[in-house]
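Below is one structure; the comments refer to it alone.
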Amino acid sequence: MIQFREEIVHRLAQIPGLSEKLVRPLLEKPADPSYGEYALPCFRLAREWRRRPNEIAEDLARQLGSFGSIASVESVGPYLNFKIDPLALTRSVLGEIGEKGPDYGSDKLGEGKTIVIDYSSPNIAKPFHMGHLRSTILGSSLKQIFSTLGYRVASINFLGDWGTQFGLLALAYQKWGDNQELEARPIRYLYELYVKINQAAQEEPAIQEAARENFRQMEEGAREPLDLWNRFRTLSIQEYERVYSRLGVHFDVYSGESFYREKVQGVLEELKAKGLLQLSQGASIVDLLPWGLNVALLAKSDGTTLYLTRDLAATHERYAEYRFHRLIYVVGSDQRLHFTQLFKTLELMGRPWADRCVHVDFGRILGMSTRKGQAVFLDDVLDEGKRRALEKMQANPEKFAEVADPDLTADICGMSAIVFSDLSRRRVKDYEFDWEQVLAFEGDTGLYLQNAHARVAGIMRKSGVALPSSIDYGLLLGEGETLDLVRHLSAFPEVVHRAAEEYEPAFICTYLIGLARLLHQAYKALWVQGRPPPLAEARLKLLWSVKQVLANGMRLLGMTPLERM
Ligand code: ARG
């Protein structure tokens, strides 16, 4: 596609008063593809030439006519629209997809740059709530998107593995602890203990007192509670890893707040030396009131430190290790103040890279429940998705009989549905979770995409036609539907870029649904069986390309494309 853009730029530059440098950045993609592949808005030229933009567009259209691969140049209001010759376009787009295959949409843009993504980051012994689910899905998709654009990506799970609750938990375990339970199902068991000790603490305030003392000792490095804490942590991570792998999610590093329990002192000292730290009723704070960011609490009066202090320490370390181009925190919008305080404090400390830190925030998922009640554990959510997907598949016994591994397929379907529903809207929006809607085969859903992908796979299997290396693309030009598909396919790389720029996998969702819809409309025009070989081959090539791009996009979202379902 890039060659067409350049062709237009070169041609425009031959017109007196225009240059490549001036024109190149102005050229854009029209919002409505029926206007053509590229458009030149004439506002900027109008200002420089002191003429009306519509007049300039008309003039240029007349002068340019058609040239090279550009079939027509037309003015529409203040815009100059370029349409690429359909045959040249088809050959170029399908040729490129054929050559690049799984790499169509990828780029070298990020070469030499590192992006650090901090996501999922649940709290040990506390529920893995819907916010963590969203962070996991979003973060993992962003990881794929940035990797495909050539960045080196480091994925970090910053566990909530430190804080007063571990004082409580140690106490609970000393009281009621059962080693077998802990080993068999650490995440649930620790959560149960945590709930139980909290209830007990409500009746017996002394428990809170003892827990605080426990935690204070831990912060000072006391051996016994730390050993116990370490077991809680290790066992929990093992179980998290198992559940994440079900979702195809992997972390390069399991870090956590506990890593910074000693390093926070250095941060506090630096803040003090820079005159940023103040004492307020025994607590240490940074005053961010002048920026409307309230007061940032960094150490309580008993000397114990906080989440924010540990995050401050962690960013230093991350910069030292990765020299990141961006550090992305994928965390719910309810922590907006936390991150604005964090970034502001870094700036006040004089970190020149403070503005490379980004809070990629998101709204809440409301009302997700499973058979076991209000959703608390990731496993339960995935199981529920799978159970429901299996039920739906069984409703069509004929197709179901053809599925080789129903258990795995149902698992993938359930997850695709959940992942898609989560990524398909702009992330800042809260949304109501409804299993029926999420698992529907029609509408903007993950199963609609899987279905489109599997259907093309089926057509290709049954066609009995092999793809030759040379295709007569001219045979695809008879039908409007096929050209619409080709145009849509050509836009994929740009969509991936936009998704990265705005940290919005939703753009890819919208794009893929659009592609699946166009495919749906084009089935007739793409009939393969019984057609003469050159036509069947050309159509098959287009189908193959659609399947490839569907698969590439789905992988960027974290979905495994299915051959049958
Ligand atoms: N554990 C935190 C929570 O569950 C999220 C941590 C996000 N990452 C960070 N570096 N603060 O709310």
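The values are calculated or read from the model by the stated rules, or taken from the named source; none is laboratory data. Note that the structure is a prediction, hence the values are computed from the model and not measured. All Cβ positions, glycine included, derive from the backbone under ideal geometry; neighbour counts span all protein chains shown. Just the protein is used for accessible areas: all its heavy atoms, side chains included, with ligands, DNA and RNA removed. Shrake-Rupley method; radii C 1.70, N 1.55, O 1.52, S 1.80 Å.
Among the residues of the stretch 240-287, those identified as of a type in the set (S, T, N, Q) and over 28 Å from residue 385 (Cβ atoms) are 255, 258, 265, 278, 280, 281, 284. Only residues that are out of contact with any Ser or Thr (no Cβ under 9 Å at 6 or more places or on another chain), over 25 Å from residue 191 (Cα atoms) and touching a residue at least 12 places away in the same chain (Cβ under 8 Å) were counted in the stretch 361-394, giving 2.
So that you can scan it fast, the table gives a plain yes or no per residue for (1) in contact with a Cys (Cβ under 9 Å, 6 or more places away or on another chain); (2) of a type outside the set (A, V, I, L, M):
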| position | (1), (2) |
| --- | --- |
| 423 | yes, no |
| 449 | yes, no |
| 455 | no, yes |
| 472 | no, yes |
| 486 | no, no |
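When we screen 157, 123 for residues that are open to solvent by 30 Å² or more (accessible area, probe 1.4 Å), under 30 Å from residue 418 (Cα atoms) and within 16 Å of the ligand (Cβ to nearest atom), the only hit is 123. Counting only helices (runs of 4 or more DSSP H) that sit wholly inside the stretch 408-516, those with at least 1 residues that are open to solvent by 10 Å² or more (accessible area, probe 1.4 Å) and closer than 19 Å to residue 89 by Cα are 480-490, 492-501.
Please tell me if residue 337 is within 13 Å of the ligand (Cβ to nearest atom) and open to solvent by less than 30 Å² (accessible area, probe 1.4 Å). So residue 337 does not fit the description; no.
If you go through the stretch 340-356 and keep only what is more than 10 Å from the ligand (Cβ to nearest atom) and either touching a strand residue (DSSP E or B) at 6+ places or on another chain (Cβ under 6 Å) or in contact (Cβ under 8 Å) with a residue 24 or more places away in the chain (or both), you end up with 340, 341, 343, 344, 345, 346, 348, 349, 350, 351, 353, 356. Determine, yes or no, whether residue 75 is away from the ligand (no atom under 16 Å from the Cβ), small (Gly, Ala, Ser) and either free of Cβ contacts under 8 Å to residues at least 40 places away in the same chain or not in a loop (DSSP other than H, G, I, E, B) (or both). So residue 75 fits the description; yes. For residue 342, the conditions (1) under 30 Å from residue 551 (Cα atoms); (2) open to solvent by less than 30 Å² (accessible area, probe 1.4 Å) are fulfilled apart from (1). Of all the numbered requirements in (1) within 16 Å of the ligand (Cβ to nearest atom); (2) more than 30 Å from residue 258 (Cβ to Cβ); (3) among the aromatic types (Phe, Trp, Tyr), residue 49 misses one, and that requirement is (1). Number of residues in the stretch 234-256 that are under 25 Å from residue 179 (Cα atoms) and crowded, with 21+ Cβ neighbours inside 10 Å: the value is 3.
Hey, among the residues in the stretch 295-334 that are open to solvent by less than 30 Å² (accessible area, probe 1.4 Å), away from the ligand (no atom under 12 Å from the Cβ) and in a strand (DSSP E or B), which one's modelled with the lowest pLDDT? Per the stated criteria, the residue is 305. In the stretch 539-565, the qualifying residues are those that are outside any loop (DSSP other than H, G, I, E, B) and of a type in the set (D, E, K, R), and the one that is farthest from residue 137 (Cα to Cα) is 539. In the stretch 375-384, the condition of being surrounded by fewer than 19 Cβ atoms within 10 Å (Cβ to Cβ) and on the phi > 0 side of the Ramachandran plot is met by no residue.
Condition check for residue 12 on (1) part of a helix (DSSP H, G or I); (2) closer than 25 Å to residue 483 by Cα: one failure, at (2). The one condition from (1) open to solvent by 10 Å² or more (accessible area, probe 1.4 Å); (2) over 26 Å from residue 507 (Cβ atoms); (3) in a helix (DSSP H, G or I) that residue 51 does not meet is (3). For the stretch 264-279, how many residues are away from the ligand (no atom under 15 Å from the Cβ) and either touching a residue at least 40 places away in the same chain (Cβ under 8 Å) or among the hydrophobic types (A, V, I, L, M, F, W, C) (or both)? Qualifying residue count for the region: 9. Here is the figure for the stretch 188-218: residues that are within 17 Å of residue 177 (Cβ to Cβ), touching a residue at least 60 places away in the same chain (Cβ under 8 Å) and open to solvent by 20 Å² or more (accessible area, probe 1.4 Å) total 3. The residue of the stretch 144-154 that is least open to solvent (accessible area, probe 1.4 Å), among those that are more than 21 Å from residue 310 (Cα to Cα) and either within 15 Å of the ligand (Cβ to nearest atom) or of a type in the set (S, T, N, Q) (or both), is 148. The single condition among (1) open to solvent by 60 Å² or more (accessible area, probe 1.4 Å); (2) in a strand (DSSP E or B) that residue 355 does not satisfy is (2). Output the number of the condition that residue 261 fails; it satisfies all remaining conditions of (1) charged (D, E, K, R); (2) under 30 Å from residue 213 (Cβ atoms); (3) crowded, with 18+ Cβ neighbours inside 10 Å; (4) within 12 Å of the ligand (Cβ to nearest atom). Of (1) charged (D, E, K, R); (2) under 30 Å from residue 213 (Cβ atoms); (3) crowded, with 18+ Cβ neighbours inside 10 Å; (4) within 12 Å of the ligand (Cβ to nearest atom), only one is false for residue 261: (4).
Set side by side, the residues 205, 225 differ, and just one is closer than 12 Å to residue 169 by Cα and of a type outside the set (A, V, I, L, M), which is 225. Every test in (1) of a type in the set (Val, Ile, Thr); (2) open to solvent by 10 Å² or more (accessible area, probe 1.4 Å); (3) within 15 Å of the ligand (Cβ to nearest atom) is passed by residue 116 save one, and that test is (2). Scanning the stretch 134-143 for residues that are out of contact with any strand residue (DSSP E or B) (no Cβ under 7 Å at 6 or more places or on another chain) and within 14 Å of the ligand (Cβ to nearest atom) returns a single hit, 136.
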